[in-house]
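See below for the structure under consideration.
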Amino acid sequence: MTHEAPVVLRGPVLHFTADPGEDITPAPGSVEYLDDGVLVIENGRVTRLGAAEALLSELPENITLYHYPDKLIMPGFIDPHLHFSQLDIIASYGRQLLDWLNEYTFPEEMRFSDPAYATHMAEDFMDEMLRYGTTTALVFCTSHPHSADALFEAARRRGCRMLAGKVMMDRNAPAALCDTPARADHESRALIERWHGVDRLEYAITPRFAPTSSPEQLNIAGRLAQDFPDMVVQTHLSENQGEIDWVASLYPQARDYLDVYDQVGLLRDRSVFAHCIHIDDDIRQRLARAGGRIAYCPTSNLFLGSGLFDARRAREQQVMTGIASDIGAGTSLSQLATLAAAYQISQLQGHPLTPWQGFYQLTRGNARMLSLDSRIGSFVPGMEADVVVLDPAGSPALSRKAARSKNLFETLFNLMMLGDDRAIHAVHVQGRPMTTSAVSR
């Protein structure tokens with residue numbers, strides 16, 4: 001094995017060692033912050049974390065040092081639900097879900113029939129995602145298998161941890177986008193064989209949602225889930241009342257929307273259901289018992305007028321939940337903007353999101369939700385070294401607020417409410433700098 005020179009990042013360092021809870025004061029032992037810290041990375045993994053004064057004198061001469069004074073070094077952000085094919089339809093005029101799919105989403109996804117276009121968009125998507133500080137994501141591709149090939153190729157070249165799958169969809173969509181149950185099975189298995197477990201890549205079984213899959217195709221998806229029990233399943237659940245009514249008419253024998261998935265074996269550990277706005281405690285409890293997870297998409301839910309997700313109730317019912325951008329109905333790839341929307345929704349519901357919980361969710365929390373917290377999401381030695389370096393004064397508005405910030409809580413809250421791509425100073429994937437702002441000694 002080739003051993004590279006250690007990469008060392010110096011500056012203020014923050015990561016979470018446990019869930020900080022929902023109080024203004026984080027749970028004891030959940031937050032580790034070093035005002036002048038050193039993060040040592042060897043062969044893409046964290047090997048040491050400590051105070052600069054103590055560690056710098058112990059390091060070998062051949063290190064590559066990146067010094068980020070007055071910045072904030074954190075684990076790379078994780079996005080547990082988005083559609084890379086929808087990058088160019090972000091913020092298209094806000095119809096509700098079903099109209100929006102027909103008017104914007106499906107026409108754009110038809111363009112992915114051209115492999116060259118899919119490759120171009122995959123490259124742009126990966127660049128944009130990293131520009132916003134996101135280093136890992138769970139992604140919907142299109143129904144074209146080469147769209148998944150393109151995304152995995154782009155992620156692999158950059159060394160990113162990525163989970164993705166081709167959409168399974170055989171009805172209630174344009175014919176040009178529909179596969180068949182047999183094709184979905186064959187193409188998914190071929191992609192699994194080609195990509196799952198290669199470098200930092202994972203395949204995700206991806207039926208779009210119940211209305212666009214026939215019962216036969218959902219059974220195929222369930223069989224895939226049975227054959228690959230450790231694999232992520234991703235789909236949508238209870239985003240919009242019209243969608244829920246439509247599912248009830250298409251699957252009249254099902255107890256409810258979740259039962260459609262449960263009957264075919266898609267409700268299980270590592271099943272990620274996006275949205276889950278219009279659900280009750282019975283559904284929450286069934287999700288929790290089975291190990292199903294919720295990808296909460298605040299900017300998308302507001303933009304399409306879908307409703308307000310009850311994050312506190314999900315937490316009380318012990319459903320694992322992650323915060324996601326859901327582009328293109330989501331209005332930004334920025335997970336900072338996503339936190340701002342989540343805060344506003346929580347304010348309307350009387351339990352404002354703290355920055356401790358918000359930044360925990362973007363890092364260790366979303367890693368846990370994807371069952372990846374033994375690999376990413378914190379700086380515990382042995383973890384994969386994906387890093388975002390935030391600039392608390394990265395825009396004029398942030399700069400003015402930074403001058404008045406009295407503590408870390410206020411600094412984080414400023415970034416959460418006012419941050420955008422200008423607040424992303426640098427990104428490192430497995431220790432390697434991916435942006436030009438990284439300044440080496």
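The values are calculated or read from the model by the stated rules, or taken from the named source; none is laboratory data. None of the values given here were measured: they were computed from a predicted structure. All Cβ positions, even for glycine, are placed from backbone atoms using ideal geometry, and neighbour counts span all protein chains on display. Calculation scope for accessible area: heavy atoms of the full protein, side chains included, ligands and nucleic acids excluded. Shrake-Rupley method; radii C 1.70, N 1.55, O 1.52, S 1.80 Å.
Please work out if residue 180 is at pLDDT 95 or above, open to solvent by 30 Å² or more (accessible area, probe 1.4 Å) and over 30 Å from residue 45 (Cα atoms).
Criteria met by residue 180.
Yes or no: residue 305 open to solvent by 10 Å² or more (accessible area, probe 1.4 Å) and at pLDDT below 95?
Values: open to solvent by 10 Å² or more (accessible area, probe 1.4 Å): yes; at pLDDT below 95: yes.
Spelling it out, residue 305 is indeed open to solvent by 10 Å² or more (accessible area, probe 1.4 Å) and at pLDDT below 95.
In region 394-407, which residue that is at pLDDT 95 or above and of a type in the set (Ser, Thr, Tyr) is least open to solvent (accessible area, probe 1.4 Å)?
The residue in question is 395.
Considering each of 80, 107 in turn, give the residue that is of a type outside the set (Val, Ile, Thr) and crowded, with 19+ Cβ neighbours inside 10 Å. Before the answer, list the steps.
Numbers: 107 fails: crowded, with 19+ Cβ neighbours inside 10 Å.
That would be 80, the only listed residue that is of a type outside the set (Val, Ile, Thr) and crowded, with 19+ Cβ neighbours inside 10 Å.
With the condition kept exactly as written, say whether any residue in region 155-176 is buried (at least 21 other Cβ atoms within 10 Å of the Cβ), of a type in the set (Val, Ile, Thr) and closer than 30 Å to residue 432 by Cβ.
There is no residue in region 155-176 that is buried (at least 21 other Cβ atoms within 10 Å of the Cβ), of a type in the set (Val, Ile, Thr) and closer than 30 Å to residue 432 by Cβ.
What are the residues in region 322-371 that are buried (at least 22 other Cβ atoms within 10 Å of the Cβ), touching a helix residue (DSSP H, G or I) at 6+ places or on another chain (Cβ under 9 Å), at pLDDT 95 or above and not in a helix (DSSP H, G or I), if any?
Correct list: 322, 323, 324, 325, 326, 333, 334, 353, 354.
Name every residue in region 248-280 that is crowded, with 19+ Cβ neighbours inside 10 Å, of a type in the set (A, V, I, L, M, F, W, C) and part of a helix (DSSP H, G or I), in order of residue number.
258, 260
Hey, can you tell me all the residues within region 202-221 that are part of a helix (DSSP H, G or I), among the polar types (S, T, N, Q) and open to solvent by less than 30 Å² (accessible area, probe 1.4 Å)?
Of everything in region 202-221, those that are part of a helix (DSSP H, G or I), among the polar types (S, T, N, Q) and open to solvent by less than 30 Å² (accessible area, probe 1.4 Å) turn out to be 212, 217.
Being of a type in the set (Gly, Ala, Ser), open to solvent by less than 30 Å² (accessible area, probe 1.4 Å) and in a loop (DSSP other than H, G, I, E, B) is true for just one of 37, 21, 11. Which residue is that?
Going through 37, 21, 11 in turn, just one is of a type in the set (Gly, Ala, Ser), open to solvent by less than 30 Å² (accessible area, probe 1.4 Å) and in a loop (DSSP other than H, G, I, E, B): 21.
Select the strands (runs of 3 or more DSSP E) contained entirely in region 59-172, then report the ones holding at least 2 residues which are of a type in the set (A, V, I, L, M, F, W, C) and in contact (Cβ under 8 Å) with a residue 60 or more places away in the chain.
Of the strands (runs of 3 or more DSSP E) lying wholly inside region 59-172, those with at least 2 residues that are of a type in the set (A, V, I, L, M, F, W, C) and in contact (Cβ under 8 Å) with a residue 60 or more places away in the chain span 72-75, 77-83, 134-140, 161-165.
For residue 199, are the conditions met, namely being touching a strand residue (DSSP E or B) at 6+ places or on another chain (Cβ under 9 Å) and either over 15 Å from residue 170 (Cα atoms) or surrounded by fewer than 17 Cβ atoms within 10 Å (Cβ to Cβ) (or both)?
Details: touching a strand residue (DSSP E or B) at 6+ places or on another chain (Cβ under 9 Å): yes; either over 15 Å from residue 170 (Cα atoms) or surrounded by fewer than 17 Cβ atoms within 10 Å (Cβ to Cβ) (or both): yes.
For residue 199, the condition - touching a strand residue (DSSP E or B) at 6+ places or on another chain (Cβ under 9 Å) and either over 15 Å from residue 170 (Cα atoms) or surrounded by fewer than 17 Cβ atoms within 10 Å (Cβ to Cβ) (or both) - is met.
A quick yes/no check of all residues on (1) open to solvent by 20 Å² or more (accessible area, probe 1.4 Å); (2) at pLDDT below 95; (3) out of contact with any Phe, Trp or Tyr (no Cβ under 8 Å at 6 or more places or on another chain):
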residue	(1), (2), (3)
384	no, no, yes
392	yes, no, yes
409	yes, no, no
416	no, no, no
422	yes, no, yes
425	yes, no, no
431	no, no, yes
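State yes or no: is residue 241 out of contact with any helix residue (DSSP H, G or I) (no Cβ under 8 Å at 6 or more places or on another chain), of a type in the set (S, T, N, Q) and over 23 Å from residue 344 (Cα atoms)?
Answer is no for this residue.
Do we have residue 38 as within 23 Å of residue 360 (Cβ to Cβ) and touching a Pro at 6+ places or on another chain (Cβ under 6 Å) here? Let's see the steps before the verdict.
Values: within 23 Å of residue 360 (Cβ to Cβ): yes; touching a Pro at 6+ places or on another chain (Cβ under 6 Å): no.
No: the conditions fail for residue 38.
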